[in-house]
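A short reminder: the numbers here are calculations on the coordinates, not readings from a lab. As the structure is a computational prediction, the values presented were derived from the model and not from experiment. Note that we place each Cβ from the backbone using ideal geometry, even for glycine, and neighbour counts take in every protein chain shown.
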Amino acid sequence: MDASTLELIGTSLGPLAQGALLGTIPLTLISFAFGMVLAVTIALMRISSSRTLRTIAKIYVSLIRGTPLLVQLFIIFYALPTLGLVIDPFTSAVVAFSLNVGGYAAEVIRAAILAVPQGQWEAAEVVGLSYAKTLKRVILPQALRIAVPPLSNTFISLVKETSLASSIMVVELLRKAQEIAAPTFQFLALYVLAALYYWVICSVLSVIQGLLEDRLQRAYVSEGARNVFA
């Protein structure tokens, strides 16, 4: 690696960090937040007593899980304008990623809800809680502990998947690397540097995931002990 390449890498550290902080991370956080709201809604529709709601939710999950994320992104950004619906790049990326997260996370949340013992539903019914209050106060808090590991993995995967937003001109980490590499032809150095940035971000998130899982497990054990000696 010659001196000019090393100098380019040094001068690129800041712009790539800016791309991550102002593009990749906000895109991930916003998309995941909207995606989780959608996921909970779809999960509840999947376990609803209404056959219509279950069918709608099942079709949605099947479409999201059965089509590539890049195709979903292109439909929203490139195809919808042919119908007169023009959405800016960042918003298009948020919509596509949120819909994708909603489809995958919905199944995680549904499985977590179904994993809560049936006795919890029955006990809530005995004390007179409504369906909504049972979900809010009893079922969802327990399901959250079960769902945290796979949802954390979904979040970490989303960080990497935001790189696809560069294909619709969203200025994020990979797009910054492309912009810097284009006039210099130092694609290898810049793309490896971008990969290292993604690796660092995901590694930090993996550590946070581990700490969160440990904390939830300790809280669960403590709660169990209190129930035993109550």
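Things to note:
- Applying 1/(1 + (r/R0)^6) with R0 = 35 Å to the Cβ-Cβ distance of residue 212 and residue 63 gives a FRET efficiency near 0.70.
- Placing a pseudo-label 7 Å from each Cα along the Cα-to-Cβ vector at residue 47 and residue 80 gives an inter-label distance of 3.1 nm.
- Residue 70/residue 11 FRET efficiency (R0 25 Å; Cβ-Cβ; nearest 0.05): 0.20
- Of the GluC sites (Glu not before Pro) found in the stretch 81-172, no site is in coil according to DSSP while having at most 13 other Cβ atoms within 10 Å of its Cβ.
- Taking the C-alpha atoms only, the angle from helix 51-66 to the longest principal axis of the chain is near 30 degrees.
- The angle between the Cα long axis of helix 187-229 and the main principal axis of the chain comes to about 20°, on a 0 to 90 degree scale.
- Within the stretch 1-38: backbone nitrogen closer than 19 Å to the residue 200 label point (7 Å, Cα to C-beta): 5-29
- Dividing the C-alpha radius of gyration of the chain by 2.2 N^0.38 Å, with N its residue count, gives 1.25.
- With Cα atoms defining each centre, the stretch 150-197 and the stretch 113-146 are spaced 41 Å apart in the structure.
- In degrees, nearest ten, helix 89-115 long axis to first principal axis of the chain (Cα): 30 degrees
- Estimated vicinal HN-Hα couplings, Hz - the stretch 166-181 in sequence order (Karplus 6.51, -1.76, 1.60; Gly, Pro = x): 4, 6, 10, 6, 6, 7, 10, 4, 5, 4, 4, 5, 5, 5, 6, 6
- Here r is the Cβ-Cβ distance between residue 55 and residue 136 and R0 is 35 Å; the resulting FRET efficiency, rounded to 0.05, is 0.85.
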